[in-house]
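Peer 1: To start, I am sharing the structure in question, which I have written as structure tokens.
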Amino acid sequence: NDQGEVISLADLKGKVVFLNFWATWCPPCIAEMPSIQVLHDKFKMDDDIMILTLEVEGKKEKAHQFMQRKKLNLPVYYPHSAIPSELFKGSLPTTIILDKEGNIAHTTFGMADYSGQDIVDFLNEIKAMH
């Protein structure tokens, strides 16, 4: 699902967005990817919650090979311009969760495990907010 298409955050208004910033050379990014896949699979039938990854260096070929090698099918996007600093301060991995209005509801700097129930509950909670 590595379309390399351009997605703008404005297009995602009205959805809860889990956005993981990563790079192919970043070991902690790579270590947490399988848990993001688990999370993605839990929400794949839910149109209101998007689980996306952004490979910050635009290394499409490397990112594609990595996903294939690890048998992951997460949506990978690439920046087409500078990433706004309020979203991404440069440390990898960074994960942000945006509410339906596009506001940042949560930020995680560094590696985390996203395979548990707490993150599922949190995303559903934000989805329920108006």
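Peer 1: Mean 1/r over all different Cα pairs, inverted: what Kirkwood radius does region 44-130 give, in Å?
Peer 2: Answer for region 44-130: a Kirkwood hydrodynamic radius of 14.6 Å.
Peer 1: If you don't mind, there's one more thing I want to ask. Sort the following peptides by mean Cβ neighbour count (other Cβ atoms within 10 Å, averaged over residues), highest first: 111-117, 20-26.
Peer 2: 20-26, 111-117
Peer 1: Further question: To the nearest 20 debye, what charge dipole does the chain have about its Cα centre, counting +1 at the Cβ of each Lys and Arg and -1 at the Cβ of each Asp and Glu?
Peer 2: It works out to roughly 400 debye.
Peer 1: Can you tell me what percent of all Cα-Cα pairs in region 14-53 are more than 13 Å apart?
Peer 2: 52 percent
Peer 1: Sorting check: for 70-82, 30-42, which peptide has the highest mean count of neighbouring beta carbons within 10 Å, and how do the rest follow?
Peer 2: Final packing ranking: 30-42, 70-82.
Peer 1: At a 1.4 Å probe, what is the % contribution of carbon and sulfur to the accessible area of region 1-101?
Peer 2: 53 percent
Peer 1: Okay, moving on. Given 39, 85, 67, which one lies farthest toward the positive end of the charge dipole of region 1-92, if we put +1 on the Cβ of every Lys and Arg and -1 on the Cβ of every Asp and Glu?
Peer 2: The residue sitting farthest along the positive end of the dipole is 67.
Peer 1: Can you list the residues, at least 5 places off or on another chain, whose amide H is less than 5 Å from the amide H of residue 54, using H built in the peptide plane?
Peer 2: Correct list: 20, 21, 22, 77.
Peer 1: Using Cα pairs closer than 8 Å and at least 6 residues apart in sequence, work out the relative contact order for region 4-99, in percent.
Peer 2: Computed value for region 4-99: 45 percent relative contact order.
Peer 1: Calculate the all-directions average of the projected area of region 1-106's alpha-carbon convex hull, and give it in nm².
Peer 2: For region 1-106, the mean projected area of the Cα convex hull comes to 6.2 nm².
Peer 1: Hey, what angle do you get for helix 60-69 against the long axis of the chain, alpha-carbon based, 0 to 90 degrees rounded to 10?
Peer 2: 80 degrees
Peer 1: Tell me the mean residue ellipticity at 222 nm calculated for the chain from its helices only (DSSP H runs of n ≥ 4, each -39500 (n - 2.57), averaged over every residue, nearest 500).
Peer 2: -9000 deg cm²/dmol
Peer 1: In degrees, nearest 10, range 0 to 90: what is the angle between the Cα axis of helix 27-42 and the longest Cα principal axis of the chain?
Peer 2: 50 degrees
Peer 1: Then there is this: Going toward the positive end of the dipole of the chain, with +1 on Lys and Arg Cβ and -1 on Asp and Glu Cβ, which of 108, 96, 76 do you reach last?
Peer 2: Value computed over the given set: 76.
The values are calculated or read from the model by the stated rules, or taken from the named source; none is laboratory data. Note that the structure is predicted; figures quoted are calculated from it, not measured. Every residue, glycine among them, receives a Cβ derived from its backbone with ideal geometry; neighbour counts consider all protein chains shown. Ligands, DNA and RNA are excluded from the accessible area calculation, which covers all protein heavy atoms including side chains. Shrake-Rupley method; radii C 1.70, N 1.55, O 1.52, S 1.80 Å.
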